[in-house]
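The values are calculated or read from the model by the stated rules, or taken from the named source; none is laboratory data. Worth saying up front: this structure is predicted, and the values here are computed from it rather than measured. Cβ placement follows ideal geometry from the backbone for every residue including glycine, while neighbour counts extend to all protein chains displayed. Please note that ligands, DNA and RNA were not included when accessible areas were found on the heavy atoms of the full protein model with its side chains. Shrake-Rupley method; radii C 1.70, N 1.55, O 1.52, S 1.80 Å.
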Amino acid sequence: MCKQTVIQLTVNNHPGVMSHICGLFARRAYNVEGIACMPVNGGATSRIWLLVNADGRLDQMIKQVDKLEDVLIVERHDGGHAVFTRMAEFVA
Amino acid sequence: MRFSGAEIIVKLLERQGIETIAGIPGGANLPLYDALSTSSIRHVLTRHEQGAGFIAQGMARVTGQPAVFFATSGPGATNTLTAIADAKLDSIPVICITGQVPLAMIGSDAFQEVDTYGLSVPITKHNYLVRSVDELLRVIPEAFRIAVSGRPGPVVIDVPKDVQTAMLEFDVWPEPGGRGAGPELMAPELAYAARMIDEAERPMLYLGGGVVQSGSSALARALAEKASIPAALTLMGLGVLPVEHPLCLGMLGMHGARYTNLAMERCDLLIAAGVRFDDRATGKVAEFCPNARIIHLDIDASELDKIKSAHVPVAGDLADSLAALLELVRPGERARWLGEVARFKREHPMIIPGADDPCSPYGVILKAAELSGDEAIVCTDVGQHQMRTAQVYPFRRPRQWLTSGGLGTMGFGMPAAIGAALAAPDRTVLCFSGDGSIMMNIQDLATAAEHQVNIKIILTNNNALGLVRQQQDLFYGKRYFASDYSRRVDFLKLAEGFGLPAIDLGSSDDPESDLAAALAKPGPCLIHVPVSPDAPVYPMVPPGAANSQMIGGETHV
């Protein structure tokens, strides 16, 4: 069983932001296991939660995500996040 | 005030201090060109959008300021991608403004429509698809700020045609975008780094393009001198220290001098500044500086611990971190270590075959350097000529040396040289190229002739892809497949056809004086030097091997 972690991002909300973030993972062959995204503050920004496997490249991934112009805040929840535990009910 | 989107873009570029823009018009950016026609900005019409991108790069690399280029939608935009990716890998601040089909037609596979935003995501520092005319007031200054702040890089702004024609009523122009402050340094980290330097017996500086970009070459030199630390330079770092400086060991890595790689092997502390541990510099990473602890200074935190873990990683502007270290380190003599380095230099010198022959691959570089003087700017394409220039050209200043380091783009040299000459019209620009490389953007010879830029293209012609052939020679059993050109191109006639004077050193009775005459005459010129396809570039570290495994270039072989 892989140890998983959740990266929580606060990002600008416009078309293309998701492709910046997913593309960053994809071209480093790093799979995103789960994604959740909702607009906040009336829609100017969004919050994204990424469920990823915590392998040796994770620190580098987080640094790369943090560099993206549209990413405002990066937080890491190594203990998991309720977003995904609740979402799991839908796919059970 | 009431302006169209296109007029707003051009006005904002003027306010950013942009004086020259290279590009090509097309259906989707014609409003932008119409607005440009009444501007004080000079336009350079190229024959290919990739050429426009490299002209912008040439300007940006020489000045350190962002440069702009234009392309239309679809094929115009796709033609820019190589130049943009090249700028990304070498951290060059360029801004590419592309036209796009009208907003309502986006996603309909309209004529000349391509997803420029999507295509440019992985090769830009940031990119925009502008959706309304009022966004331009924010996006343009922001693009300039992003291109030059922190680690510089390329920005793409895709502007739909109807956004260019839409009118906007507004009161004040936004402030031009400029460089933001770097991250704050952590004093204890630097104090610890300084103590490591003081205590090291065999420290070595490892200086790269970041030192050039941050304008901190003088600080790096002062640090080397104060603590008596020899310095190895990456391909992008050439010129940070003048070659004749006693502490300068020149280029390390795949085609570095033997003594440089041997000294790296021996060092007990590596002070890496503005470098990213590229594999062409490090060779097999696990065996790079095997005995050294590492201090890594970089403005881009994601470069720290990326390839090799540093004992002290310092995130910050090199101008700040080098200045702080310079204050903190103790003056040092290090006679024993410098003596050892001197012995490496003596026992494993750089061997330069044909150094005195102006018709040989190395000799023409040395002769051109001697004849053109200290003020020349030096551009190269990619290949054997590039590595030879990096090895032997006497670089003395930062921003004197323009080469495609990270992406290694053949076709870079000639248009980048045009850009350099446009940015520094009083200087001679030498462009060392090869027959393989120059063909990849040869159409812009017409642009060079049209603008009478002072570029001297020194074309060493072996009718082959020299570095490919060299690898086939060494690692593929001499099976030269697809690396020789069976058709000999007449570059002298080509130059003439494009409107450039050309000379052939191969058939010259007095090559040295012919070369001198060609370099002395203002304007563009092509200097053709036929060379053998069998002349290797040595030393060479086999790809994937440790830097200690250098092939060739020994004395007494």
Problem - Interface size A-B, as summed buried accessible area [1.4 Å probe, Å², nearest 100] - result: 1100 Å²
Exercise for the section: Hey, can you find the accessible area per residue of the range B:420-557 for me, probe 1.4 Å, expressed in square angstrom? Expected result: 45 Å²
Practice task
Give me the accessible area of B:Ser486, 1.4 Å probe, in Å² rounded to the nearest 10.
Solution key: 120 Å²
Practice task
Count the net charge of all other residues whose Cβ sits under 13 Å from the Cβ of B:Ile377, scoring Lys and Arg as +1 and Asp and Glu as -1.
Solution key: +3
Completion exercise
For the range B:150-245, the percent of all C-alpha pairs falling in each 5 Å bin, from 0 up to the bin holding the max distance, is 2, 9, 14, 15, 15, 11, 7, 6, 6, 6, 5, 4, 1, 0
Exercise for the section: Restricting to the range B:2-169, compute how many DSSP beta bridges are antiparallel as a %, nearest 5. Expected result: 10 percent
Problem - Relative contact order computed over the range B:187-348 (Cα-Cα under 8 Å; 6+ residues apart), in percent - result: 29 percent
Practice task
Would you jot down the residues in the range B:96-144 that end up with at least 50 Å² less accessible area in the complete protein assembly than in the chain alone, with a 1.4 Å probe?
Solution key: B:Tyr117, B:Val121, B:His126
Problem - Taking all pairs of distinct alpha-carbon atoms in the protein assembly as shown, Kirkwood radius in angstrom - result: 26.2 Å
Exercise for the section: Please name the residues of the range A:53-83 whose accessible area, counted over protein heavy atoms with a 1.4 angstrom probe, falls by no less than 10 Å² between the chain alone and the full protein assembly. Expected result: A:Gln60, A:Lys63, A:Gln64, A:Lys67, A:Glu69, A:Asp70
Exercise for the section: Among DSSP beta bridges whose residues both lie in the protein assembly as shown, state the antiparallel percentage, nearest 5. Expected result: 30 percent
Fill in the blank from the handout: Check: C-alpha center the range B:455-515 vs C-alpha center the range B:1-34, spacing in Å is 40 Å
Practice task
Could you work out which residue, out of A:Ala82, A:Ala26, A:Ala36, moves most in a Gaussian network model of chain A, that is, has the largest mean-square fluctuation with Cα springs under 10 Å?
Solution key: A:Ala82
Fill in the blank from the handout: With the 1.4 Å probe rolled over protein heavy atoms, the range B:2-169 has an accessible area per residue in Å² of 33 Å²
Exercise for the section: Find the relative contact order for chain B and round it to a whole percent, using C-alpha pairs within less than 8 Å whose residues are 6+ positions apart. Expected result: 14 percent
Handout entry: Neighbour net charge for B:Thr460 - beta-carbon separation under 14 angstrom, K R +1, D E -1
Key = -1
Practice task
Take peptides A:48-57, B:216-225, B:161-170 and line them up by average Cβ neighbours within 10 Å, highest first, as a rough protection proxy.
Solution key: B:216-225, B:161-170, A:48-57
Problem - Value of [θ]222 nm, deg cm²/dmol, for chain B, DSSP H segments ≥ 4, -39500 (n - 2.57) each, nearest 500 - result: -10500 deg cm²/dmol
Problem - Protection-proxy order for peptides B:425-434, B:1-10, each taking the mean of Cβ atoms within 10 Å per residue, highest first - result: B:425-434, B:1-10
Practice task
Calculate how many DSSP beta bridges within chain B are antiparallel, expressed in % of all such bridges and rounded to the nearest 5.
Solution key: 10 percent
Exercise for the section: Keeping all protein chains in place, calculate the accessible area per residue for the range A:3-89 (probe 1.4 angstrom), answer in Å². Expected result: 50 Å²
Exercise for the section: Could you tell me which of rounded, prolate or oblate describes the range B:259-388, using a ≥ b ≥ c as the square roots of the eigenvalues of the alpha-carbon gyration tensor, with rounded for a/c under 1.5 and, failing that, prolate when a/b is larger than b/c and oblate otherwise? Expected result: prolate
Handout entry: Given A:Lys63/B:Lys125; A:Lys67/B:Lys88; B:Lys226/B:Lys308; A:Lys63/B:Lys88; B:Lys88/B:Lys161; B:Lys11/B:Lys161, the pairs whose alpha carbons are separated by over 23 Å
Key = B:Lys226/B:Lys308; B:Lys88/B:Lys161
Practice task
Just the number, please: carbon plus sulfur as a percent of the accessible area of the protein assembly as shown, 1.4 Å probe, no ligands or DNA/RNA counted.
Solution key: 54 percent
Handout entry: For the range B:301-336 and the range A:1-30, distance of Cα centres in Å
Key = 32 Å
Fill in the blank from the handout: With B:Tyr192 itself left out, Lys, Arg at +1 and Asp, Glu at -1 over residues whose Cβ is under 12 Å from its Cβ give -1
Practice task
Rank by packing, highest mean first: peptides B:57-67, B:412-422, B:196-206, A:68-78, with packing defined as the count of other Cβ atoms within 10 Å averaged across residues.
Solution key: B:412-422, B:57-67, B:196-206, A:68-78
